[in-house]
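Heads up, the thing below is written out as structure tokens.
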Amino acid sequence: MIYDGIVYLISASILVSAFYIQGQRYIMSMIRGQLVQSILIAAASFLLAYLENSLDLLILGALILILRGILITYMLETRMPRRKSYVFEEGVNVPYLFLVDLVFIVIAVFIIYSIIFSTLVPISQPGNSSTLLFPLLLFFQGIFLITSRRSTYTQIVGYVEEENGLVLLAIFLLPVPIIIEASVFLDVLALVVISSVITVEKSTHERMEELRG
Amino acid sequence: MTPGTLISLLLLLVPGIAAIFYFNSIRLATVVAASVDEVLSVLLFWIMPPRGFFFVDHTTDIFVFMITSIYLLSSIYSLRYISNKNATGLKQDTYYLLINLFAVSMLFSAQVNNYGLMWVGIEATTISSALLIMTEKTEESLEATWRYIIIVSAGVTFAFISIILIYYSFGTLTVSTIINSGITNTLFVRVAVSIALIGFGTKIGVFPVHTWLPDAHSEAPSPVSAMFSGVLLPTALYVLYRIFEIDPIKSLFIWFGTASIVAASLFLGYQARYKRMFAYSTMENMNLALIGIATMNPIGIAGALYLLISHSFSKAGAFYSSGNILRSTGTKDVGSVKGLSRRMPFTSAALLMSSLGVSGTPPFGTFFGEILILYAMVLVNAVPQFIIVVIFLVFAFVGINLNVSRMIFGPPGEYREPGRLMPAVALVASMVPLAIGAFFMVVNYAIL
């Protein structure tokens, strides 16, 4: 019973980290928020590995910690300009975005959950599908971060957050074979590496006449 | 290891071996690797691997053949089109390295017998092809690269929910096992198939998640645009087809395809830049093939395959011709290019044939593919969609050919052919769909 409580506590903390990232204008804070979020997901994986005596979940937790937590954070930070603590995204109306986030995303996720996902039976907690709400919220928070911001860094963090939502869904529902999960992690890592090449050349994204229509 | 498995494995290894020549002669190694892969893909028609790590049937064969053919044509075309002088975003050698990896990731996605690894392969196509868009490193190409990465990755990530739900429903991700278990109609499988439509649909160009497509196609170098349009999108469509087979939700797929054709035809109609126009034409053709597959009728599926293989060559020809025109005129604007036929006769011929091909004119293979798909739509009682599709196909036909006519005819400008190799490749690519059309007529005559 106490372990159920811990799972909920970690899940809620993951969600708080997503809202924290959404509320930031400073890029560095977002990257650190992503680091905390990845560590929390790794912690959830380790806890379930202990509860279910699962080697796959243990390896998954280690992969999240190393590839998402350490490597991706390191790569994003090293691509930042020297005075990195001062880099922030201009023209972002945080209260307005929060309002839109709450009205559309959170309500939409609750509707999607109640129609489809509430009938799923998670492997981790049979008979209790409410933990699946957290990965869904995280997933759509990531998509919202990508669509609501124009900075390359923020969009990368949004993409990683979206992927984190999927990893959490797999951990709670049914972990896919570790070979596939590992390939997914490497794919995401490679995408972040390639994205970081673009950050050097182009840090914000505006409308362009040549690309209209 | 069986001969078939060896062929499938070699198809993946040969471009990888070419990549080893990164520091020395990678251009030549790429052309040789693509030629070897082309021969292997033909052999695969007769010598198939048993179900195991690979899942190859005759449908897969057609996709593998398409991939290797356009890979070969683009490698040859790149010999003249890409040089260190104009490839300022990527070194020439890096360009060829990525072309090889791009081919490997597509061949892997098409052959592997696991939905999870198919997803990994599709994501790998984004990784290997993203930097190719910014080969010429213009401001627009950087923006197009970024839009491609973020939109496609976000969309394909969505498709992973579908993979998780498939695994949850079947306890395995092996394609052959799941397909052989027959059609499974449960809520979670239906949700998985629907999510796959939106997720993989991002890569295929399904409306409204198609927005990266015109940007990437117009800003990538022409041989890369040809690979995107000719084989990358069909590869994603192939993966979606394999998921669709689990539980065919016909009406959803047919309506989405119809809406996408309407959107593509409308966008296509007012394009002022020829590469963007061809990009929207790709969207139109891919969604017509999606409808053909969604009918789940043998005639519709045969039509989709005819359309896809003919379209891959026609569209490659269109983008190679566009590359020739861009090199010669320096503009992508339809209105700024006139009278090509006098000064660039070979490129004009290739452009005309490929535009007739992509718009489904008889006797090109695309025409027969379209007819079969439309016939299948009537057979499955999709009559309202049939009427809408026919109207907008006519719309797209007029839009493309009117613009191309304006570019080809009229008073001649100060242009000249960019050498011999590039027009020759464009001409060869645009003529293949004629041969496919002739093949269809011969087969049809023999059967009837």
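The values are calculated or read from the model by the stated rules, or taken from the named source; none is laboratory data. For clarity, every value in this text was computed on a predicted model and none was experimentally measured. Here the Cβ is made from the backbone with ideal geometry for all residues, glycine too, and neighbour counts use every protein chain on show.
Of note:
- Consider the stretch B:169-207 and keep the residues that are among the aromatic types (Phe, Trp, Tyr) and at pLDDT 90 or above. The one that is farthest from B:ILE291 (Cα to Cα) is B:PHE170.
- Residue satisfying all of: in the stretch A:147-194; within 30 Å of A:VAL87 (Cα to Cα) and aromatic (Phe, Trp, Tyr); farthest from the other protein chains (Cβ to nearest Cβ) among these: A:TYR153
- Meets criteria (buried (at least 24 other Cβ atoms within 10 Å of the Cβ), within 24 Å of the chain's Cα centre (by Cα) and outside any helix (DSSP H, G or I)) for B:HIS217: no
- Taken together, the criteria place B:PHE188 among residues that are more than 17 Å from the chain's Cα centre (by Cα), without any contact (Cβ under 8 Å) to a residue 24 or more places away in the chain and within 14 Å of chain A (Cβ to nearest Cβ).
- In this entry, B:PHE346 is excluded by the filter for residues that are in a helix (DSSP H, G or I) and out of contact with any Leu (no Cβ under 7 Å at 6 or more places or on another chain).
- Residue within the stretch B:149-164 that is more than 10 Å from every other protein chain (Cβ to nearest Cβ) and either polar (S, T, N, Q) or not in a helix (DSSP H, G or I) (or both) present: yes
- Residue count for the stretch B:130-141, restricted to those that are touching a residue at least 40 places away in the same chain (Cβ under 8 Å) and either at the interface with chain A (Cβ under 7 Å from one of its Cβ atoms) or not in a helix (DSSP H, G or I) (or both): 4.
- B:THR145 passes every criterion in (1) outside any helix (DSSP H, G or I); (2) within 11 Å of another protein chain (Cβ to nearest Cβ); (3) of a type in the set (Ser, Thr, Tyr) apart from (1).
- Residues that are hydroxyl-bearing (Ser, Thr, Tyr) and in a helix (DSSP H, G or I) were ranked within the stretch B:279-314; the one that is surrounded by the most Cβ atoms within 10 Å (Cβ to Cβ) is B:SER314.
- Boolean, B:SER35 is over 24 Å from the mean Cα position of the chain (by Cα) and polar (S, T, N, Q): no
- Of the residues making up the stretch A:195-213, those that are in contact with a Phe, Trp or Tyr (Cβ under 8 Å, 6 or more places away or on another chain) and more than 7 Å from chain B (Cβ to nearest Cβ) are A:THR199, A:SER203.
- Considering the stretch B:170-185, and only residues there that are at the interface with chain A (Cβ under 10 Å from one of its Cβ atoms) and not hydrophobic (A, V, I, L, M, F, W, C), the residue that is surrounded by the most Cβ atoms within 10 Å (Cβ to Cβ) turns out to be B:THR172.
- If you go through the stretch A:69-101 and keep only what is at pLDDT below 80 and either touching a Leu at 6+ places or on another chain (Cβ under 8 Å) or not acidic (Asp, Glu) (or both), you end up with A:ARG79, A:MET80, A:PRO81, A:ARG82, A:ARG83, A:LYS84, A:SER85, A:TYR86, A:VAL87, A:PHE88, A:GLY91, A:VAL92.
- If the condition is being touching an Asp or Glu at 6+ places or on another chain (Cβ under 7 Å) and within 14 Å of chain A (Cβ to nearest Cβ), then the stretch B:84-99 contributes B:THR88, B:GLY89.
- Evaluating A:PHE104 against the criteria (1) modelled with pLDDT of 85 or more; (2) surrounded by fewer than 17 Cβ atoms within 10 Å (Cβ to Cβ) leaves one unmet condition, (1).
- Within the stretch B:194-214, the set of residues being more than 13 Å from chain A (Cβ to nearest Cβ) and either part of a helix (DSSP H, G or I) or without any contact (Cβ under 8 Å) to a residue 40 or more places away in the chain (or both) comprises B:ALA196, B:LEU197, B:PHE200, B:GLY201, B:LYS203, B:ILE204.
- Subset of the stretch A:104-121 (residues that are of a type in the set (Phe, Trp, Tyr) and within 14 Å of chain B (Cβ to nearest Cβ)): A:TYR113, A:PHE117
- Applying a threshold of 7 Å to beta carbon distances and a minimum spacing of six or more residues, or different chains, the list of pairs starting in the stretch B:420-439 at a residue that is closer than 8 Å to B:PHE313 by Cβ and ending at one that is of a type in the set (Val, Ile, Thr) reads B:PRO433/B:THR366; B:ILE436/B:ILE309.
- From A:ILE59, A:ILE21, A:ILE66, A:ILE31, residue being over 23 Å from A:SER130 (Cα atoms), surrounded by fewer than 16 Cβ atoms within 10 Å (Cβ to Cβ) and at pLDDT 90 or above: A:ILE66
- Pairs, first more than 10 Å from every other protein chain (Cβ to nearest Cβ) and in contact (Cβ under 8 Å) with a residue 40 or more places away in the chain in the stretch B:100-129, second buried (at least 24 other Cβ atoms within 10 Å of the Cβ) and basic (Lys, Arg), C-beta under 9 Å, six or more apart: B:THR125/B:LYS203
- Odd one out for B:PHE440 among (1) crowded, with 17+ Cβ neighbours inside 10 Å; (2) in contact with a helix residue (DSSP H, G or I) (Cβ under 8 Å, 6 or more places away or on another chain); (3) modelled with pLDDT of 90 or more: (3)
- One residue from B:ILE249, B:ILE261 being among the hydrophobic types (A, V, I, L, M, F, W, C), surrounded by fewer than 24 Cβ atoms within 10 Å (Cβ to Cβ) and more than 21 Å from B:SER109 (Cα to Cα): B:ILE249
- B:HIS58, sole failed condition from (1) at pLDDT 95 or above; (2) out of contact with any Ser or Thr (no Cβ under 8 Å at 6 or more places or on another chain): (1)
- Among the conditions (1) surrounded by 14 or more Cβ atoms within 10 Å (Cβ to Cβ); (2) within 16 Å of A:LEU136 (Cα to Cα); (3) within 20 Å of the chain's Cα centre (by Cα); (4) without any contact (Cβ under 8 Å) to a residue 60 or more places away in the chain, the only one that A:THR73 does not satisfy is (2).
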